[in-house]
Amino acid sequence: MLILVSLDLLAEEKSRIEENLFENLIGALDLSLDLVFYDLTSSYFEGEGPDLANFGYSRDRRDDREQIVLGIVMCGGVPIAHEV
């Protein structure tokens with residue numbers, strides 16, 4: 001149960017945590033924002049999926065399954081933001 005509570009607290013602070021990490025990493029790793037990459041992927045579920053899962057366009061061609069879409073922003077090979 002403690003893990004779930006911890007994850008809920010982290011989720012509430014996700015944006016602030018990512019912003020703080022980014023500010024520290026950009027200087028420490030000398031990252032340049034001249035070129036960033038944004039990538040999406042999806043994952044479908046067999047059986048019951050989580051509340052986040054929905055039907056929709058499926059990159060896996062499995063429109064019969066609930067899925068989640070994951071997005072990530074990369075800069076210099078370093079992940080700087082994500083979204084589920």
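Positive contributions from Lys and Arg (+1) and negative ones from Asp and Glu (-1), summed over other residues with Cβ under 12 Å from the Cβ of E83, come out at -1. Summed over qualifying helices (DSSP H, 4 residues or more, each -39500 (n - 2.57)) and divided by its residue number, the chain shows a 222 nm mean residue ellipticity of -10000 deg cm²/dmol.
Counting every alpha-carbon pair across the chain, the share separated by more than 21 Å comes to 48%. Just to be sure I understand the model, the point goes 7 Å from the Cα along the line to the Cβ. What's the resulting V73 to L9 distance in nm? Using points 7 Å along Cα→Cβ, the separation is 2.7 nm. Computed about its Cα centre, the charge dipole of the chain is approximately 180 debye, with only Lys, Arg, Asp and Glu carrying charge at their Cβ.
Each value in this text was obtained by applying a stated rule to the coordinates, not by laboratory testing. The structure presented is a predicted model; accordingly, all values stated were derived computationally and were not measured. Cβ atoms come from the backbone with ideal geometry, glycine included; neighbour counts cover every protein chain shown.
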